[in-house]
1. In nm, to one decimal, how far is the modelled label at A:S136 from the one at B:K77, with both set 7 Å along Cα→Cβ?
2. Using θ = phi - 60° and the Karplus curve 6.51 cos²θ - 1.76 cosθ + 1.60, what whole-Hz ³J(HN,Hα) does each residue of the stretch B:50-65 get, with Gly and Pro shown as x?
3. So for the pair A:R22, B:E149, with labels modelled 7 Å out along Cα→Cβ, what separation do we get in nm?
Amino acid sequence: MSHEDIRLSAYLDEELPESEARELEQQLETDPELRRRYERLSGVSEALHADELPDFSASMEHTWRRLAPLSQERRPVPWWRRPIPVPLSGVAAALAVFVLFGVVLARFAGYSGQAEPGRAQTLGRSMELSVQVAESEQLLQRLSGKDAREEITIQLPESRTFEFVGQPVIVPSGR
Amino acid sequence: MTSKRSAQEYFREVYEEVFPIAVRVAYRITNDIEVAEELCHEAFIKYLDRMETIPDTQQAKYWIIRVVKNLSLNNQKRLGREAAANQRAYFEPAQASETGEVSYLKLEAKSHVQQALAALPEKLRVVLVMKEYGEMSYKEIGSVLGISETNVKVRAHRAREKLAQYLDGGDVYVP
């Protein structure tokens, strides 16, 4: 199957651009082999149409008589199957917001460093993160280095007694 | 469907534009005018249920022809061996009883061409049927089948090439 043969088929189907069609017609006049291949393909089309199609006008009328009453008593389409016209710009804006939110979330959730969080859960824009006590200082330094202004709540085990010395200052969360 | 015309008028408009194409495609796949009519009827009933979700006449045309094509192919698969036996019975003995050498050769040619067409791989046959009998453009066929115009062009050529090979070997009368 050569490119030339595909062109011949497209020419037969009147699907070649005008300029290409004229060029091919000139080639067909001067190239007997190309002409033979074209006639072989056009012979197939002629053979396909040798068996004429029946007259479908009676079928068309008969089918319409069966369909017409149905088209009058057509059930309304339920609202959930109706298309909702949404402007393309709106879809693009929603997609942009979604991607942006995903990036922000990923930056928060993606904290790793030396102190591997044992458990992390995000709820909306707040994040609950568990780290080992020995690694908490490293986490605080990292947050401080990134100029993080978020409120940090540290939940201390009730079973142990703590004494607060120096920084960081623990602010009551109001919970 | 954006115009203010009634739904029934719009349905009639779509019907008049699409039925003649759909029935030719169905007929050339099923080789049975009554079955083709029945399948088109079924396709238009399905369309009635979805009319409001299909935006314009062009999309309706693609949708209905796609449904008719699928129904026709499914019908042929369901018939299976019985359909193949029926086709042989329909095409061979009945035509052999014709008188006159030319008539006989013409009928033999029809028989061979239709048999060859039915024997083509489904994806090639459907393209050729839509092109030759549905008189659809490559663009329209591509929209119905969900493939590119280039793909349609290649399939149309491959289908013709296979038929040509079949006819070359069959010593077929081509008028």
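We did not get these values from a lab; they are worked out from the coordinates using the rules stated. Predicted model only: the values in this text are computed from it and were never measured. Every residue, glycine as well, gets a Cβ built from its backbone with ideal geometry; the counts of neighbours run over all protein chains shown.
1. The modelled label-to-label distance comes out at 6.5 nm.
2. Going residue by residue, I get 10, 3, 6, 8, 10, x, 9, 4, 5, 5, 4, 4, 4, 5, 5, 5 Hz, with x marking Gly and Pro.
3. Between A:R22 and B:E149, the label points sit 2.0 nm apart.
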